[in-house]
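Quick notes on the structure that follows.
The values are calculated or read from the model by the stated rules, or taken from the named source; none is laboratory data. Computed from a predicted structure; not experimentally measured. With ideal geometry, Cβ positions are generated from the backbone for all residues, glycine too; neighbour counts draw on all protein chains shown. Only protein heavy atoms, including side chains, enter the accessible area calculation; ligands, DNA and RNA are left aside. Shrake-Rupley method; radii C 1.70, N 1.55, O 1.52, S 1.80 Å.
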Amino acid sequence: MTGGDGQLGAESRLQAEDGSAAGEESAAGVTDGTGIASVSVDDDRRFTVGDWTAEETRRAVAAAKTIVVKVGSSSLTQPSGHLDVDKLDALSGAVASVRLAGANVVLVSSGAIAAGFGPLGFASRPTDVATQQACASVGQGLLMAQYETAFGRYGVRVGQLLITAGDTMQPQQYRNARRTMATMLELGVVPIVNENDALASNEIRFGDNDRLSALIANMVRADALVLLTDVDALYTAPPKEPGSRKITFVPNVTAMIDEIRVGGTGSGVGTGGMVTKLEAARMAAVSGIPAVMTCASNAGPALMGDNVGTAFAPVKHRGSAKRLWIKFASHPQGTLVADAGAAAAVRAGRASLLAAGVLETRGDFSAGDAVWIDDEAGNHLARGLVAYDSEEVPDMLGRTTAQLRRLLGDEYAHPLVHRDNLVLV
Ligand SMILES: Nc1ncnc2c1ncn2[C@@H]1O[C@H](COP(=O)(O)OP(=O)(O)O)[C@@H](O)[C@H]1O
Ligand SMILES: N[C@@H](CCC(=O)OP(=O)(O)O)C(=O)O
């Protein structure tokens, strides 16, 4: 449903991402009679989807104290597989201006593979992972050298940070990356982040940098995310399709995600296309971060809050860093299958998961790992950090807290997943 003014209406779909009506506090809870209280697992301050206007969203981008800017391969390179220095210089100028105006800026830059295949003699972007990785190792160096020169003109220092998907999943690595980035920002450096393509494995790989940029926005507690690509805005269908219309404002990305027809990359050097950009916008919106998506040549106006591209309003308050990590970055190692009562309580968003309400455990996990919480039909309800090793759980299943204390001891008289460590999907 697209309004004639290019704003995507969401009035009829005021549903928060967890399925409960926006702003409504769910009442269901679960206790096993031992007084374990049930309080909200999600941020229950009232948030009304639709509160943010397009202007407010854009103003928030312009006023951001900390901002993540993501730029795609096609905005930095030529189809021949070489850097497009003019484009890179123009982008660097826009980002440096924001830095010099006092904001913290993180630049998530793709382009390593696209800048590396030309110098290595390939006519087009290689498709096999090993060759892509070799191209990335050549292209990443070229990219950074060019960024150093470009930002150097403005007296702005840049630093490289290469991250694998695995790094964002491991709490320790995540903390290290967050600390490094925070320190770089304190020192006035613009961190330039890319996926560590040379080390990424085929199985665990972002591939594109769109979702990585939303994770980084959470990591640095950014106030805004700007996604720069080779198309000026989000359209109702891939822009080359006749009749596709430009969308200037999306008040509720979680509600509209199924209504837009998105296609893959349009350039031959990018990855992911609009699918992953919309996913990044959704991750930002449910993390309380306003976002704008437009073409790289609009970087300056977008960062100034001008009416370019597509603005995405936040749809929730920002959660804690821990909850955002559980929701978007953790890598579940197993599954706890909840019975109907526990599933309803988890879904309602106000409960710890007790052993009494769990029917089955699957997978090999350690205390502190992320696990899925599924219903009996196999639907994922939530992700959470489990308090026990997978070998300990079978003896606990179906038992009340009082029984656990009596049979197994005090240390087992706790929820399998405490509500503070549980996030609805
Ligand atoms: N609904 C849509 N609206 C806008 N662009 C779309 C849509 N569906 C597919 N696309 C394509 O997504 C491309 C951008 O994705 P991609 O090539 O991965 O860029 P980047 O390299 O910047 O990440 C655009 O060039 C466009 O052709
Ligand atoms: N990390 C890769 C990103 C690959 C890619 O094409 O990403 P994108 O252009 O953001 O869709 C690189 O630097 O080449």
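Nearest 10 degrees is fine. How inclined is helix 171-186 to the longest principal axis of the chain, computing both from alpha carbons?
40 degrees
So which lysines pass the test for Lys327, namely a Cα distance under 28 Å, with those fewer than 8 places away in the same chain ruled out?
List returned: Lys65, Lys70, Lys277, Lys316.
Per residue, how much accessible surface does the chain expose to a 1.4 Å probe? Answer in Å², no decimals.
41 Å²
Extending each Cα 7 Å along its Cβ direction at Arg175 and Phe122, get the distance between those two points in nm, one decimal.
3.8 nm
Taking the Cα centroid of region 365-425 and of region 300-341, what is the distance between the two, rounded to the nearest whole Å?
If you average the Cα positions of each part, the centres end up 24 Å apart.
Which residue, Lys87, Lys316, Lys240, tops the fluctuation ranking in a GNM of the chain built on C-alpha contacts under 10 Å?
Lys240
Angle, helix 54-63 long axis vs. longest principal axis of the chain, Cα atoms, 0 to 90°, nearest 10?
Compared with the principal axis, the helix lies near 80 degrees.
Would you compute, from DSSP H runs of 4+ residues alone, the mean residue ellipticity of the chain at 222 nm, taking -39500 (n - 2.57) per run and dividing by the full residue count, rounded to the nearest 500?
-9000 deg cm²/dmol
Rank Ala123, Ala302, Ala284 by mean-square fluctuation in a GNM of the chain with C-alpha springs under 10 angstrom and give only the top-ranked residue.
Highest fluctuation among the options: Ala123.
With charges only on Cβ, +1 for K and R and -1 for D and E, what is the dipole size of the chain about its Cα centre, in debye, rounded to 20?
Dipole magnitude for the chain comes out near 1040 debye.
What fraction of the DSSP beta bridges in region 193-338 is antiparallel, stated in percent and rounded to the nearest 5?
In region 193-338, approximately 40 percent of DSSP beta bridges are antiparallel ones.
Suppose we look only past 23 Å in the calculated P(r) of region 332-424. What percent of the Cα-Cα pairs does that tail hold?
Everything past 23 Å amounts to 11 percent.
May I ask you to derive the relative contact order of region 15-319, considering only C-alpha pairs under 8 Å and at least 6 residues apart, and to give it as an integer percent?
Contact order relative to length: 24 percent.
Tally up the carbon and sulfur contribution to the accessible surface of the chain as a whole percent, 1.4 Å probe, everything protein left in place.
50 percent
List, in order, the whole-Hz ³J(HN,Hα) value for each residue of region 213-225 obtained from phi through the Karplus relation with A = 6.51, B = -1.76, C = 1.60 and θ = phi - 60°; use x for Gly and Pro.
These are the phi-based 3J(HN,Hα) values: 5, 5, 5, 5, 4, 5, 4, 9, 6, 5, 8, 7, 10 Hz.
Residue-wise, which Karplus ³J(HN,Hα) couplings in Hz belong to region 408-425, taking 6.51 cos²θ - 1.76 cosθ + 1.60, θ = phi - 60°, and x for glycine or proline?
Working through the residues one at a time gives 10, x, 4, 5, 9, 8, 9, x, 5, 10, 6, 4, 5, 10, 10, 10, 5, 9 Hz.
Return the percentage of antiparallel bridges among DSSP beta bridges fully within the chain, rounded to the nearest 5 %.
Given both bridge residues lie in the chain, the antiparallel proportion sits at roughly 40 percent.
Answer with one residue from His414, His317, Val106: the one whose Cα lies farthest towards the positive end of the charge dipole of the chain, charges on Cβ with Lys, Arg +1 and Asp, Glu -1.
Looking along the dipole axis, the top candidate is Val106.
For helix 85-100, report the angle its Cα long axis makes with the longest principal axis of the Cα atoms of the chain; keep it between 0 and 90° and round to the nearest 10°.
Tilt of helix 85-100: around 60 degrees.
Using a Gaussian network model of the chain whose springs link C-alpha atoms within less than 10 Å, name the residue from Arg350, Arg205, Arg221 with the highest mean-square fluctuation.
Arg205
Using the alpha-carbon centroid of each, what span in Å lies between region 185-256 and region 104-181?
15 Å
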